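Report on the following structure.
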Amino acid sequence: MKLLRERRLAQGWSQQDLANRVGCTKQHISDLERGRVRPSLLLLHRLSDVLRIPDSELLMDSIANACISTTPKEEEDLRSH
């Protein structure tokens, strides 16, 4: 989630700082920023609240990321062709 990383850095927070504020792990924040996982609705709301981003804007960023991301299997298939 590009927007998540941008807003976190704009606040001057580390991934651990943000994780502490929303109640998850640093690894989960990293996975979110890299598009490896998508946030639950509860976490999405907590993130939007802490980062002062409308839920809808953060949700759209998450959806956009999901639409362009590929799984490792898909990447392998693409390389083999």
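The values are calculated or read from the model by the stated rules, or taken from the named source; none is laboratory data. This is a predicted model, so every value here is computed, not measured. Methodologically, a virtual Cβ is constructed for each residue, glycine included, from the backbone with ideal geometry; neighbour enumeration extends over all protein chains shown. Surface accessibility is based on the protein's heavy atoms, side chains included, excluding ligands, DNA and RNA. Shrake-Rupley method; radii C 1.70, N 1.55, O 1.52, S 1.80 Å.
Scanning the range 1-16 for residues that are assigned to a helix (DSSP H, G or I), touching a residue at least 40 places away in the same chain (Cβ under 8 Å) and more than 15 Å from residue 59 (Cα to Cα) gives a single hit, 8.
Can we say residue 79 is assigned to a helix (DSSP H, G or I), open to solvent by 70 Å² or more (accessible area, probe 1.4 Å) and at pLDDT 95 or above? Judged against the criteria, residue 79 is not a match.
Here is a yes/no grid of residues against (1) part of a helix (DSSP H, G or I); (2) surrounded by fewer than 11 Cβ atoms within 10 Å (Cβ to Cβ); (3) at pLDDT 95 or above:
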position: 18; (1), (2), (3): yes, no, yes
position: 28; (1), (2), (3): yes, no, yes
position: 36; (1), (2), (3): no, no, no
position: 39; (1), (2), (3): no, no, no
position: 49; (1), (2), (3): yes, no, yes
position: 75; (1), (2), (3): yes, no, no
